[in-house]
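The values are calculated or read from the model by the stated rules, or taken from the named source; none is laboratory data. Since we're looking at a predicted model, the values are computed, not measured. Backbone-built Cβ (ideal geometry, glycine too); neighbour counts: all protein chains shown.
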Amino acid sequence: MSHIELRHLRYFIAVADELHFGRAAERLHISQPPLSQQIQALEAHVGAALFYRSNRTVRLTQAGQVFLSEARQILQRVDEASAQAARIHRGESGNLTLGLTSSAPFLRRVSSTLHRFRLTYPDVNIRIEQLNSKQQIEPLLEGKLDLGMMRNGELPPELEHHLVLTEPLIAVVHKDHPLNALAEGELTFQHLADQPFVFFSKDVGTSLYDDILGQLKAQGITPFITQEVGEPLTIIGLVAAGLGVSILPASYLRIQVEGVRYLRFGNLHGTTQLWLVNHATRPLTAATRAFMALLLHDD
């Protein structure tokens, strides 16, 4: 025997437990002579007698006692490793790295999916990185992110997207702004055309910058941007301070700030999409597929 196989450890443990070759062979569902031969080969490979044998008794040598303890640990580790590998294969364990744009956690579909995934797969280690849409592209290409949740925008051909949902855009205004007097559904982009506008800085690289300004431009509007910031919460805060108005996805309705009102546009005005993005050719882990199934098929 050129090496020790797991079956030889199991044979040895059976004999050590029974201290009787006949009972051990019966337990292993093999005949006694081959069992005796395998134990002898094991002892030859180890270079030590593992059992004292006589016509009446079988007992462990001191070397056999030490080997028994180690053999049990080896088989236990093999069983644990096998179980862990099977759980990873089924998506019940492993790692999942998600990129989230700042508005994604405020969407009920996203937050409920994260909650359900945690309950269903408690042993999957979830790591979340808050990155704007454009910042997620490079980590997705490099494999540092398994999935990205981002706003609609241009993607390289190596990445593919799945539509999670479409949500309306809303106007963000001060509580004392005259636009609050408009009836429900009357507000249009044109009402904001001449207003001081608080918005993202172009240098931040968020897809909402291109998306919202593109929709305004399509209606002949170039907003008068007076304040450029990096975060949507800062936009809301500056609106609360009376420094202008803004447009954001409706998911920010869940953020209530004193001094701010959120107004809905009429039916024909803008929307934005949330995408789930993954690498188009890199194999997906089972945990990744499980999360995608929960998010994309959420009822």
Practice task
Please indicate, with yes or no, whether at least one residue in region 258-277 is part of a loop (DSSP other than H, G, I, E, B), aliphatic (A, V, I, L, M) and closer than 22 Å to LYS217 by Cβ.
Solution key: yes
Exercise for the section: Spot the failing condition for SER111; the list is (1) touching a helix residue (DSSP H, G or I) at 6+ places or on another chain (Cβ under 8 Å); (2) in the same structural domain as PHE21 (by TED's automatic domain parsing); (3) among the hydroxyl-bearing types (Ser, Thr, Tyr), and only one is missed. Expected result: (2)
Exercise for the section: Please determine, by comparing only the residues of region 194-215 that are within 17 Å of VAL245 (Cβ to Cβ) and in contact (Cβ under 8 Å) with a residue 40 or more places away in the chain, which one is surrounded by the fewest Cβ atoms within 10 Å (Cβ to Cβ). Expected result: PRO196
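Which one of these is surrounded by 21 or more Cβ atoms within 10 Å (Cβ to Cβ) and of a type in the set (A, V, I, L, M): ILE74, ILE137? Walk me through how you get there before you give the answer.
Values: ILE74 fails: surrounded by 21 or more Cβ atoms within 10 Å (Cβ to Cβ).
It is ILE137.
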Exercise for the section: Output yes when any residue across region 226-240 is acidic (Asp, Glu), surrounded by 15 or more Cβ atoms within 10 Å (Cβ to Cβ) and under 30 Å from ALA293 (Cα atoms), and no when none is. Expected result: no
Exercise for the section: Consider GLN84 carefully, then state whether it is surrounded by 13 or more Cβ atoms within 10 Å (Cβ to Cβ), assigned by TED's automatic domain parsing to the domain that holds ARG282 and assigned to a helix (DSSP H, G or I). Expected result: no
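Return the residues of region 140-159 that are exposed (fewer than 14 other Cβ atoms within 10 Å of the Cβ) and not in a helix (DSSP H, G or I); say none if nothing qualifies.
At the first step, the residues of region 140-159 found to be exposed (fewer than 14 other Cβ atoms within 10 Å of the Cβ) are 142-144, 154, 156-158.
Answer for region 140-159, where residues must be exposed (fewer than 14 other Cβ atoms within 10 Å of the Cβ) and not in a helix (DSSP H, G or I): GLY143, LYS144, GLU154, PRO156, PRO157, GLU158.
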Problem - Matching residues, region 166-187, being over 15 Å from ILE236 (Cβ atoms) and buried (at least 17 other Cβ atoms within 10 Å of the Cβ) - result: GLU167, LEU187
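Criterion first (touching a helix residue (DSSP H, G or I) at 6+ places or on another chain (Cβ under 7 Å) and assigned to a helix (DSSP H, G or I)) does LEU295 satisfy it?
Here the answer is yes, as LEU295 does meet what is asked.
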Completion exercise
Counting only residues in region 21-72 that are assigned to a helix (DSSP H, G or I) and of a type in the set (Ser, Thr, Tyr), the one nearest to LEU6 (Cα to Cα) is identified as SER69
Practice task
Tell me, please, whether a residue that is within 20 Å of HIS162 (Cα to Cα) and out of contact with any strand residue (DSSP E or B) (no Cβ under 7 Å at 6 or more places or on another chain) can be found in region 234-250.
Solution key: no
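Just to check your reading of the model, which residue among LEU19, LEU60 is of a type outside the set (D, E, K, R), modelled with pLDDT of 90 or more, more than 48 Å from the chain's Cα centre (by Cα) and closer than 18 Å to ILE74 by Cβ? So that I can check it myself, show each step before the final result.
Values: LEU19 fails: closer than 18 Å to ILE74 by Cβ.
After ruling out the rest, the residue left standing is LEU60.
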Fill in the blank from the handout: Flagged pairs (Cβ under 7 angstrom, 6 or more apart or on separate chains; first in region 139-164, over 24 Å from PHE106 (Cα atoms); second of a type in the set (D, E, K, R) and surrounded by fewer than 22 Cβ atoms within 10 Å (Cβ to Cβ)) are LEU141/GLU158; GLY143/ARG282
Exercise for the section: Assess whether GLY242 counts as being touching a His at 6+ places or on another chain (Cβ under 6 Å), small (Gly, Ala, Ser) and either assigned to a loop (DSSP other than H, G, I, E, B) or at pLDDT 95 or above (or both). Expected result: yes
